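The structure appears below as structure tokens.
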């Protein structure tokens with residue numbers, strides 16, 4: 001029989017399970033219930049499964065599902081084409097300015113996809129910046145499935161790049177050099193030796209890119225709507241936002257989307273089990289990086305082109321629009337000024353209020369998700385309580401839950417008329433949404449840290465008389481804090497600019513950064529929206545850097 005935890009562990013596990021149940025488990029449960037019982041919102045369990053035939057048999061479901069798969073698979077494929085060569089060159093050769101290229105490829109993470117999409121529209125549309133400068137517009141390409149795939153790839157390929165560059169660096173060139181001695185060409189050695197050894201990192205990054213692509217709302221909503229390309233996320237949004245509201249359909253579409261994400265995870269696991277490789281001669285030692293030789297200039301040109309497309313062009317488009325008095329005035333010097341930034345500073349449009357709301361919610365979400373994630377990781381890795389399995393299961397649910405699914409679950413749960421108290425139509429429900437969506441980050445980071453800490457420290461603390469909560473607070477938390485802090489900063493950055501949940505559950509009379517930008521575009525105030533986007537990018541980039549630098553200095557002084 002498996003040993004059970006002591007009173008302290010049981011209390012922590014119970015508290016963690018209760019918090020996870022309310023913030024994660026119940027919203028998912030209500031999505032399932034709404035899909036089965038269409039009248040559950042009215043307190044009735046009548047006519048179960050009555051909507052299945054009409055929703056699953058509708059023409060739009062297969063089309064939206066296929067479009068979602070096309071967009072996800074296309075983004076993964078194009079990300080692989082771009083990122084694998086760049087990562088290999090970064091890790092295995094003497095790349096000039098390697099640190100600079102890493103920073104350049106980090107910038108897309110700071111630009112929300114929907115803002116990047118708006119920047120691409122302003123650049124490539126008729127009379128856009130490209131046509132003003134060169135006489136060419138690429139609207140036909142942009143407003144197409146390949147165009148949407150390209151825009152999403154420019155935002156997601158760094159996931160593959162950073163994962164693989166680290167994997168290739170750890171593998172080194174030793175095994176490839178052995179195959180070269182056996183007669184293999186450099187390309188064949190890379191394809192048959194180095195790349196298979198990096199399969200775990202490759203599969204994990206592909207899964208993450210696929211999940212990011214199928215759950216993205218802004219890019220399909222901005223680009224796909226113009227060509228009638230609807231995906232599951234926009235279908236769910238339409239079922240909730242358009243009249244008549246069809247909650248059972250939205251719930252069923254959400255389950256289909258979750259099923260796609262789960263299937264992708266299953267495929268990843270199968271690939272790793274069947275196609276994994278391992279070395280049998282110990283850990284590979286990194287050999288001397290190979291010089292680029294005559295390929296130096298072409299390689300640098302390739303890195304520069306990708307960096308410009310992923311980082312430079314969107315930022316320039318955002319800044320040019322933010323400085324424009326009117327969009328129709330174009331890039332003429334007389335049309336440029338700081339009036340949009342002045343409007344934000346004076347709060348004449350409510351921009352500062354939206355900024356304060358988002359930053360406050362981002363900080364609250366970072367602390368709440370960090371605390372809950374750390375507790376969940378501790379219960380899952382360091383305890384033997386009865387609730388351990390439940391905590392592991394519920395903490396993993398958000399991995400397969402796009403933001404639109406989480407928002408729908410919260411709406412279904414907290415909009416019940418029988419509830420005496422509800423956070424619905426308050427900023428509290430938005431905080432719950434952010435915590436649920438971003439909980440996997442602190443769970444993942446803290447779990448990785450705890451797995452590297454030997455259990456002897458736990459035993460030593462217990463022998464010294466420390467309870468489980470005190471041992472967690474005084475021993476384990478200081479050790480995992482650096483990784484946990486990094487996860488909390490990531491939660492803050494993403495929560496501060498999150499779009500789809502904010503659009504769906506934001507209380508009346510409130511605005512966040514993302515909804516402010518979205519509505520400025522709807523109202524035709526494009527320059528003001530882009531000025532807010534530029535300020536957001538600066539804040540969400542500089543503030544975490546300041547915190548990290550301060551934390552490193554503090555650690556160095558200890």
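The values are calculated or read from the model by the stated rules, or taken from the named source; none is laboratory data. Computed from a prediction, not measured in an experiment: that's the story for all the values here. Counting neighbours? That spans all protein chains shown, and the Cβs are built from the backbone with ideal geometry, glycine included.
Structure above, values below:
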{"read-out": "Residue within the range 238-257 that is closer than 17 Å to residue 205 by Cα and at pLDDT 70 or above present", "value": "no"}
{"read-out": "Hits in the range 344-363 (condition: surrounded by 19 or more Cβ atoms within 10 Å (Cβ to Cβ) and under 25 Å from the mean Cα position of the chain (by Cα))", "value": "351, 354, 355, 357, 358, 359, 361, 362"}
{"read-out": "Residue that is modelled with pLDDT of 80 or more and crowded, with 16+ Cβ neighbours inside 10 Å, where the choices are 504, 450, 472", "value": "504"}
{"read-out": "Matching residues in the range 59-80 - criterion: being more than 21 Å from the chain's Cα centre (by Cα) and assigned to a helix (DSSP H, G or I)", "value": "60, 61, 62, 63, 64, 66"}
{"read-out": "Filtered residues of the range 129-148 (kept if crowded, with 18+ Cβ neighbours inside 10 Å and modelled with pLDDT of 90 or more)", "value": "129, 130, 142, 143, 147, 148"}
{"read-out": "Qualifying residues in the range 118-128 (those that are closer than 14 Å to residue 309 by Cβ and touching a residue at least 60 places away in the same chain (Cβ under 8 Å)) - the one surrounded by the most Cβ atoms within 10 Å (Cβ to Cβ)", "value": "120"}
{"read-out": "Residue tally, condition surrounded by fewer than 20 Cβ atoms within 10 Å (Cβ to Cβ) and touching a residue at least 12 places away in the same chain (Cβ under 8 Å), over the range 59-77", "value": "8"}
{"read-out": "Test: residue in the range 312-333 that is in the same structural domain as residue 127 (by TED's automatic domain parsing), assigned to a helix (DSSP H, G or I) and at pLDDT below 90", "value": "yes"}
{"read-out": "Count of residues meeting criterion [part of a loop (DSSP other than H, G, I, E, B) and under 20 Å from residue 377 (Cα atoms)] in the range 417-445", "value": "1"}
{"read-out": "Residue tally, condition in contact with a helix residue (DSSP H, G or I) (Cβ under 6 Å, 6 or more places away or on another chain), under 17 Å from residue 437 (Cα atoms) and surrounded by fewer than 22 Cβ atoms within 10 Å (Cβ to Cβ), over the range 369-393", "value": "1"}
